[in-house]
Amino acid sequence: MLLTSQSNTLLRLSTSALSLSGEGELHRQLYQGIRQLVLAGSWPRGALLPSERQLAQDLHISRSTVQQGLQQLCAEGYIEAQQGRGYQIVAKLPEHFFTAAATVAQPQPSLPFNSYGLRNKQGKAQGALQPGTTDSRLFPWRTWQQLLQQHSGRPVLHGMADALGYLPLRQTLVQYLRQYRQLHCSEQHILITAGAQQALYIAARLVAQPQQQVLMESPGYPRLQQALQLAGLQINYLPAAGAQGVDISALPGTPDCQALFVTPSHQYPCGGIMPLNQRLALLQWAQQQRCWLVEDDYDSEFQYLHQPVASLQGLAEGKGVIFVGSFSKTLFPALRLGYLVAEPQLIASAAALQQALHGDVPLLMQATLADFIHEGHFARHLRKMRQHYQQQKNLAVTLLQQHLPCCRILATQAGLHLTVLLPELEDDLALANRLQQQNFKVQPYSRYCFLNEPERGLVIGIADADDACLLKLITLIKLLLAKLN
């Protein structure tokens, strides 16, 4: 490094130690070169930089390029302008805590953070026979795209949304929910959410304070458990593997429980369907215990033997029941639109929670969905898919019974999945992991069990099932069972 003395004892640096890397824009190369020399201590604090003209001449770059680089260094606090002298390196650098080898990683103690004990997604995001997915090949994409295009140029859909969501969608939902689910509601009872998972979390925060007790089903929905954990609630579990879902006789008789989260229309994942007399008994219990019911109606549209039984919310005339619905099973999962139905004063608090968590739900998809329902495309799609999924489920049951006669099959009367229990299987997680290596995204039954239920098996999606796919899965299961046992 060469320094030129100044009459006032300040040193002016030379450019001999400065070079450009040859990567990126020239003014960025100059910025990075000077910054590295300053951080490494090669150019000392308090020294004057070479003049703009000298830098431009020695580095063969334009003076405007030099000015750009120096202005960035000045803005970030490495140098400061001196009247009549150019730029001087500051006495205290922004990275004063760095050593000369500023870019070399140094071991640092880990900072504490809270993981909340939540389980992340495992393995590939997608695969064959995955629970929770739909058969997107049969979705009317052309109709959807036309509706989407009609709305895409509307300025009103590119701004801020109503706190409860797009009004025409809520008005259309009112007609649908009254007709098909016998709900007691108006547009002021509905909050549009970014999927049912968000609605469940909002419901959890509404019905209980941290450390208070709530109930959920076991076997049950793992993501519901995560939502309750994230809300800081104490979770107790009710057995729900029977043909009628939640065991009403196991309901507690104390007022300590703040809410029960339940899937009465099609228990997940065991498939129990709660009959009317059990629903009325559940409502009576909740009223006596002053306990909220949160009704997760995730796939009631796909009942194959009869029309869905009246919702708990409708039977209660909207009192004491929060209803959660989703379009992930009826349309496609990536749509990420759901809804929460409750009394207006509760909906106002739910909307405030949503704004704090997420802000507005995008309007464009809401407007497209509103027209999709209003123009009858939704009802036609449901009729077609109900028949298609019933055929898929019947095919899967037949092949499983034929080739795995030892298995016990649950959830055969409704929905988009089957639960297959395999006697003598001890490690269904290992089985599922081996199957996922072959691109089958089936889930281990034990993942849904919170009361240490002894049975083991698989939860299998049927939306994309066909003969070849199912036979390949069954062949792999038989082969892996022989190895694991």
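Rounded to the nearest 500 deg cm²/dmol, what is the calculated helix-only ellipticity per residue at 222 nm for the chain, with -39500 (n - 2.57) per DSSP H run of length n ≥ 4? Taking each H run of at least 4 residues, the total per residue is -12000 deg cm²/dmol. Helix 141-152 and the long axis of the chain differ in direction by around 50°, with both axes built from C-alpha atoms. Using a probe of 1.4 Å on the protein chains alone, the accessible area found for Arg205 is around 90 Å².
Note on the chain: with neighbouring protein chains present and a 1.4 Å probe, carbon and sulfur make up 50 percent of its accessible heavy-atom surface.
Counted by Cβ distance under 10 Å from His189, the other residues give a net charge of -1, where Lys and Arg count +1 and Asp and Glu count -1.
Just order 73-81, 219-227 by mean Cβ neighbour count inside 10 Å, highest at the front, would you? Present the calculation step by step, with values, prior to reporting the outcome.
Values: 73-81: 15.7, 219-227: 21.1.
The densest-packed peptide leads the list: 219-227, 73-81.
Could you give log10 I(q)/I(0) at q = 0.10, 0.13, 0.15, 0.16 Å⁻¹ for segment 266-416, computed by the Debye formula over C-alpha point scatterers of equal weight, without solvent? Rounded to two decimals, the profile gives -0.47, -0.78, -0.98, -1.08.
So what is Rg over Rh here for segment 119-260, counting just Cα atoms and using Kirkwood for Rh?
A ratio of 1.02.
All other residues whose Cβ lies under 12 angstrom from that of Arg434 are scored, Lys and Arg at +1 and Asp and Glu at -1, for a net of -1.
When the Cα positions of Gln391, Phe323, Gln303 are compared along the charge dipole of the chain, Gln391 comes out farthest toward the positive end, with charges on each C-beta of Lys, Arg, Asp and Glu.
Computed on segment 333-485, with alpha-carbon pairs under 8 angstrom and 6+ residues apart, the relative contact order is 21 percent. Rolling a 1.4 Å probe over the heavy atoms of the protein chains gives the chain an accessible area of 48 Å² per residue.
With +1 on the Cβ of every Lys and Arg and -1 on the Cβ of every Asp and Glu, and nothing else charged, how large is the dipole of the chain about its Cα centre, in debye rounded to the nearest 20? Walk me through the intermediate numbers first.
Values: 37 positive and 32 negative charges, 141 e Å.
For the chain, the charge dipole is close to 680 debye.
Computed over the chain, relative contact order equals 16 percent, with contacts defined as Cα pairs under 8 Å that lie 6+ residues apart. The per residue volume of the convex hull around the alpha-carbon atoms of the chain is 231 Å³.
The values are calculated or read from the model by the stated rules, or taken from the named source; none is laboratory data. Being a predicted model, the structure only gives us computed values, none of them experimental. Cβ: placed from backbone, ideal geometry, glycine included. Neighbour counts: every protein chain shown. These accessible areas exclude ligands, DNA and RNA; they are computed on the full protein's heavy atoms, side chains included. Shrake-Rupley method; radii C 1.70, N 1.55, O 1.52, S 1.80 Å.
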